[in-house]
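I have a structure here, written as structure tokens, and I will follow up with some questions on it.
The values are calculated or read from the model by the stated rules, or taken from the named source; none is laboratory data. Keep in mind that what you see is a predicted model, and the values were worked out from it rather than measured. All Cβ positions, glycine included, derive from the backbone under ideal geometry; neighbour counts span all protein chains shown. We work out accessible area using only protein heavy atoms, side chains counted, and drop any ligands, DNA or RNA first. Shrake-Rupley method; radii C 1.70, N 1.55, O 1.52, S 1.80 Å.
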Amino acid sequence: MEHPENDSQYKGLKVNQGIVDAPTVNPYLKKRVQRKRYTTSEFVEGILKGNITILSQAVTLVESARQEHQQVAQEIIEKCLPHAGKSIRIGITGVPGAGKSTSIDAFGMHLINKGRKLAVLAIDPSSERSKGSILGDKTRMEALSKEKSAFIRPSPSAGSLGGVARKTRETIVLCEAAGFDTIFVETVGVGQSETAVHSMVDFFLLIQLAGTGDELQGIKRGIMEMADGIIINKADGDNIEKAKLAATQFRNALHLFPPSESGWSPKVLTYSGYYNIGIKEIWDMVGEYIEFTQKNGYFNHKRNEQAKYWMYESINDTLRNKFYHNPAVERQLGETERQVLNNEISSFVAAKRMIDLFLSNIDKPEI
Ligand code: GDP
């Protein structure tokens, strides 16, 4: 519960003194530690020094829906931007059970052993409903979660996919400024979230399983077209041959796609996240791609396109929020919707009326 009187801006009566807490009956119950409030420059300084506690708190501000948090968050992001952009960003997707967490754990440890610093972020628009995201959960990445060089953060639960994705995109900036040179963005391969991830990474990795022989069924064409690498997991024990067969099928299917804009031909590899087989080859493939696209200019081109995309996303998001939270709009929207449903006015007239109402009530203080 928030207490407005604790806010330094609050002008009303203040609670000067409360009563002393009674001693707890449970001696093991730790009192919640009051978080230190940092100033914007303390945040930025801490992030640039690679202080994980401060980084985490800054990410919490990025994820917060509160106006005052957002304001500080945006200031921090702006100051961190000049120090960002130097990492390799990899999107990882796959259906539940494909082995994302096992693979990220193995892949991540491989990178950490090579001296890299890794941030694992996630995009899961369903996390609002399920109250807590499974993706990016530390307990799913046992080895990585013990590493100082790894920063693991579950999906923000902002509701709409656009909102969740934007927060993750902003978190990337903070992680990069904190010295993380590799960023994983994990998502479940079930819907639109791939497109969001694709719009913020350099390399898009699709985890697949060898199945019943009809591997290509059920994979959205769009997702395969986005992939720069398809990796078939669980190529171990009795499953090796099946995985190899699946790899061949994927390679054949990829030949049918038009050549990608990057000029890169997506590769298909088999590996085992659980038994740590073939992990080095995946990283080699990513390295090869980065080198290839840096040479032909696509790497920068794509990052510029993404920057543009996020500018428009951000504009759209802000406008939408302002519109739907405008008191005049909020008051009228239900009635206008009713008129549309009763065929009293057309959808288009209704939309125009609502927009006009919004425009004539922009930033008017509530009376
Ligand atoms: P996620 O839902 O995509 O994150 O998948 P998990 O990483 O949780 O893996 C799902 C299940 O597959 C778990 O029981 C893992 O132990 C198992 N698994 C993951 N990778 C491998 C692998 O390389 N080989 C085998 N045999 N099993 C694996």
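Answer with yes or no whether His110 is surrounded by fewer than 22 Cβ atoms within 10 Å (Cβ to Cβ) and over 23 Å from Leu174 (Cβ atoms).
Details: surrounded by fewer than 22 Cβ atoms within 10 Å (Cβ to Cβ): yes; over 23 Å from Leu174 (Cβ atoms): yes.
It is true that His110 is surrounded by fewer than 22 Cβ atoms within 10 Å (Cβ to Cβ) and over 23 Å from Leu174 (Cβ atoms).
Among the listed residues Ile290, Ile345, Ile315, which satisfies the condition of being away from the ligand (no atom under 16 Å from the Cβ), part of a loop (DSSP other than H, G, I, E, B) and open to solvent by less than 80 Å² (accessible area, probe 1.4 Å)? It would help to see each step written out before you state the result.
On the way: Ile290 fails: part of a loop (DSSP other than H, G, I, E, B); Ile315 fails: part of a loop (DSSP other than H, G, I, E, B).
Exactly one residue qualifies, and that residue is Ile345.
Quick one: Lys295 ticks every box in (1) within 16 Å of the ligand (Cβ to nearest atom); (2) open to solvent by 40 Å² or more (accessible area, probe 1.4 Å); (3) at pLDDT 95 or above except a single one, so which number is it?
(1)
Name the single residue that is farthest from Met200 (Cα to Cα) among those in the stretch 89-105 being more than 6 Å from the ligand (Cβ to nearest atom) and open to solvent by less than 20 Å² (accessible area, probe 1.4 Å).
Filtering the stretch 89-105 down to residues more than 6 Å from the ligand (Cβ to nearest atom) leaves 89-93, 95, 103-105.
Next cut, open to solvent by less than 20 Å² (accessible area, probe 1.4 Å) only: 89-93, 103-104.
On the way: Arg89: 8, Ile90: 9, Gly91: 8, Ile92: 12, Thr93: 13, Ser103: 21, Ile104: 18 Å.
It comes out as Ser103.
Next question. Among the residues of the stretch 159-170, is there at least one that is of a type in the set (Val, Ile, Thr), at pLDDT 85 or above and either surrounded by fewer than 24 Cβ atoms within 10 Å (Cβ to Cβ) or within 16 Å of the ligand (Cβ to nearest atom) (or both)?
Looking through the stretch 159-170, none of the residues is of a type in the set (Val, Ile, Thr), at pLDDT 85 or above and either surrounded by fewer than 24 Cβ atoms within 10 Å (Cβ to Cβ) or within 16 Å of the ligand (Cβ to nearest atom) (or both).
Which is touching a helix residue (DSSP H, G or I) at 6+ places or on another chain (Cβ under 8 Å) and modelled with pLDDT of 90 or more, of Ile207, Ile223, Ile240? Give the steps one after another, and end with the answer.
Values: Ile223 fails: modelled with pLDDT of 90 or more; Ile240 fails: touching a helix residue (DSSP H, G or I) at 6+ places or on another chain (Cβ under 8 Å).
So the residue among Ile207, Ile223, Ile240 that is touching a helix residue (DSSP H, G or I) at 6+ places or on another chain (Cβ under 8 Å) and modelled with pLDDT of 90 or more is Ile207.
Right, something else. Out of the residues in the stretch 45-75 that are open to solvent by 80 Å² or more (accessible area, probe 1.4 Å) and in a loop (DSSP other than H, G, I, E, B), which is farthest from Lys322 (Cα to Cα)?
My answer is Lys49.
Does Val15 qualify as being at pLDDT below 85, in contact with a helix residue (DSSP H, G or I) (Cβ under 6 Å, 6 or more places away or on another chain) and β-branched (Val, Ile, Thr)? Lay out the reasoning, then the answer.
On the way: at pLDDT below 85: yes; in contact with a helix residue (DSSP H, G or I) (Cβ under 6 Å, 6 or more places away or on another chain): yes; β-branched (Val, Ile, Thr): yes.
Against the criterion (at pLDDT below 85, in contact with a helix residue (DSSP H, G or I) (Cβ under 6 Å, 6 or more places away or on another chain) and β-branched (Val, Ile, Thr)), Val15 qualifies.
What is the one condition in (1) surrounded by 16 or more Cβ atoms within 10 Å (Cβ to Cβ); (2) among the aliphatic types (A, V, I, L, M); (3) in a helix (DSSP H, G or I) that Ala307 does not satisfy?
If we test Ala307 against (1) surrounded by 16 or more Cβ atoms within 10 Å (Cβ to Cβ); (2) among the aliphatic types (A, V, I, L, M); (3) in a helix (DSSP H, G or I), just (1) comes out false.
For every residue, the table says whether it meets (1) under 24 Å from the mean Cα position of the chain (by Cα); (2) within 16 Å of the ligand (Cβ to nearest atom); (3) among the small types (Gly, Ala, Ser).
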| position | (1), (2), (3) |
| --- | --- |
| Gly222 | yes, no, yes |
| Ile232 | yes, yes, no |
| Phe257 | no, no, no |
| Ser265 | no, no, yes |
| Leu269 | no, yes, no |
| Tyr275 | no, yes, no |
| Glu305 | yes, no, no |
| Tyr309 | yes, no, no |
| Leu319 | yes, no, no |
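Step by step: first the residues of the stretch 268-281, then only those that are in contact with an Asp or Glu (Cβ under 8 Å, 6 or more places away or on another chain) and not in a loop (DSSP other than H, G, I, E, B), then the one that is nearest to Asn239 (Cα to Cα). Which residue is that? Give the steps one after another, and end with the answer.
First, pick out the residues of the stretch 268-281 that are in contact with an Asp or Glu (Cβ under 8 Å, 6 or more places away or on another chain): 269, 271-275, 277.
Still in the list and also not in a loop (DSSP other than H, G, I, E, B): 269, 272, 277.
On the way: Leu269: 14, Ser272: 10, Ile277: 13 Å.
Per the stated criteria, the residue is Ser272.
Right, something else. Quick one: what pairs do we get from the stretch 229-241, first residue within 10 Å of Ile277 (Cβ to Cβ), second more than 9 Å from the ligand (Cβ to nearest atom) and open to solvent by less than 30 Å² (accessible area, probe 1.4 Å), C-beta under 6 Å, 6+ apart or different chains?
Note: pairs meeting the criteria are Ala235/Ala243.
I would also like to ask the following. Go over the candidates Thr195, Thr187 one by one and state the one that is hydroxyl-bearing (Ser, Thr, Tyr) and part of a helix (DSSP H, G or I). I'd like the intermediate steps shown before the answer.
Numbers: Thr187 fails: part of a helix (DSSP H, G or I).
Sole residue among the options that is hydroxyl-bearing (Ser, Thr, Tyr) and part of a helix (DSSP H, G or I): Thr195.
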